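Computed from the coordinates by the stated procedures, all read-outs in this text should not be read as laboratory data. What you are looking at is a predicted structure, and each value in this text was computed from that prediction instead of being measured. So basically every Cβ, Gly included, is an ideal-geometry build from the backbone, and we count neighbours across all protein chains shown.
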Amino acid sequence: MTNEAFPKLNRRGQTPRRIILSSAAMVAAFLASLSLTFTSLAATEYHVGLAGEPVRAVVHTFGKDPRIITRHAGVPVGRSDRCVVTSIRGGANSNVTVYKNGVVTVEADGRTRTLSTEGSVAQTLEEGGIALHSGDRLNTDPQSLAYDGQEIQIDRAFDVTVLDSPDEYTCRTTGCTAEEVLQTLGVTLGEGDVLSVPADSALTQETTLVIRRSSTETVTRVETIPYETGVIEDSSIFAGQERIIRAGVPGTKEVTYRRTYLGGECTENEVIGEKILTEPSNALHAVGTKPFTGSGKAPYSTLTPDGFELDENGLPKHYQSCFDGVATAYYGGGLTSTGVPAAVGYVAVNPDVIPYGTRMWIVSLDGEYVYGYAIAADTGGFAKGGWADLDLYMDTESECWDFGKRDVRIYIL
């Protein structure tokens, strides 16, 4: 029994060789996989490329030297080129960027220039003689490295002045709309306010914006109501004369206005109320229709100027103007105010009304007297009182009394 039992036991407890070999292979594969996994996890992922261009390659490496990393990526780096690593943590944020040394193109002040790279953008511009001023805007960070082929654009800042009387503001900008300038300054436009340029207009150079503020006020005034003048014809007075039958009296009214101002200037004056205080009283005038003609009598004056002619009515054919006035008479000789000896035909006037030397033809309105041709040469005593327009010189006192004081028509020749 014993001999038979042992062989059976041995067969039951033994492990087949092919099973052991299979398990060992599996363990070895697992360890190898685990080793590769740890190796992969330990390496840093870098995105490598040239400045201004898309990423050229992705590199997994334990190294930290950017030049070695770029060499693994197949990106050429010159001795004067610069490599910049943004992060060493790995992943998409770990970038190795190569800034190639060379030339950049700069657009500024209406010109395009080419400059050699000199480190940062700011340094490159400074070395190239291009100054940056307060408020200027660049299309790139001025502290970033300049690289070959880079295009740099500089938008110059300028001042925009806003006049909002009595206030004045200044905004420095590189270009925006007028509305954006007001928003930056915190200045608002109210209803009716007017800006000197359209709010959406783009500003490209130093500009002054003027705001005219709108305001209104209500004003009440007492005003005159003009009267009307009625006219009737009167054949008893000469044509050209007028007689007042009834004087006119203006009325009064209370008027309320709403005035609109823009920048202190009144732009609208609207009547919003009106009240009659007193009604006007209309005037009535009579105008003459009686024809005026010379009397046909010989003129008293003996002055006879060359080329002077009378028409069929005994009145001057040619004259500048005529008007009706009052005349008196005087005598006595002596010298006139102009130094001419007093004589018939030389008359006294108010020189402020009728200048010395004025030539005239004078005839009474009643048709009974024709003084005739006359020259203004003396000053009448009436000049201060204003009770006459002319003082006609005559030879004798009796002639002066006969003439007395008469209404005359004076033709200015």
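Assorted remarks:
- Ordering of 74-85, 136-147 by packing is 136-147, 74-85, highest average first (other Cβ atoms within 10 Å, averaged per residue).
- 222 nm mean residue ellipticity, helices alone, for the chain (DSSP H n ≥ 4; -39,500 (n - 2.57); rounded to 500): -5000 deg cm²/dmol
- Short to long, the 5 Å bins of the Cα pair-distance histogram for the range 294-412 hold 2, 12, 24, 28, 21, 11, 3, 0 percent of all pairs.
- Span per principal axis, largest first, for the Cα atoms of the range 125-254 (Å): 110, 35, 21
- Loop-located GluC sites (Glu not before Pro) in the range 305-413, at most 10 other Cβ atoms within 10 Å (DSSP): E309, E312
- Each Lys or Arg adds one and each Asp or Glu subtracts one; over the other residues with Cβ under 14 Å from the Cβ of A376, this totals -3.
- Charge dipole magnitude, Cβ of K and R +1, D and E -1 - the chain, Cα centre, debye nearest 20: 4880 debye
- Pair A43, I412: separation of 7 Å Cα→Cβ label points (nm): 11.7 nm
- Just so you know, the Rg over Rh for the range 216-289 is 1.30, from Cα atoms, with Rh as the Kirkwood radius.
- Taken one residue at a time, the phi angles of the range 155-164 give Karplus couplings (6.51, -1.76, 1.60, θ = phi - 60°) of 9, 6, 7, 9, 8, 10, 9, 10, 9, 10 Hz. Gly and Pro are set to x.
- The overall shape of the range 158-212, judged from the alpha-carbon gyration tensor, is prolate: a/c is not under 1.5, and a/b is greater than b/c.
- Taking every full run of DSSP H in the chain, the ones that stretch at least 27 Å from end to end by Cα along their long axis and average -0.5 or higher on the Kyte-Doolittle scale are 17-42.
- Scattering from the range 272-316 was approximated by placing one identical point on each alpha carbon and applying the Debye formula without solvent; log10 I(q)/I(0) at 0.31, 0.32, 0.33 1/Å stands at -1.23, -1.24, -1.25.
- The modelled label-to-label distance for the pair W401/D193, using points 7 Å beyond Cα in the direction of Cβ, is 8.8 nm.
- Over all distinct Cα-Cα pairs of the chain, the Kirkwood formula returns a hydrodynamic radius of 35.1 Å.
- The tail of the calculated P(r) for the range 44-99, taken as Cα-Cα distances beyond 15 Å, holds 33 percent of the pairs.
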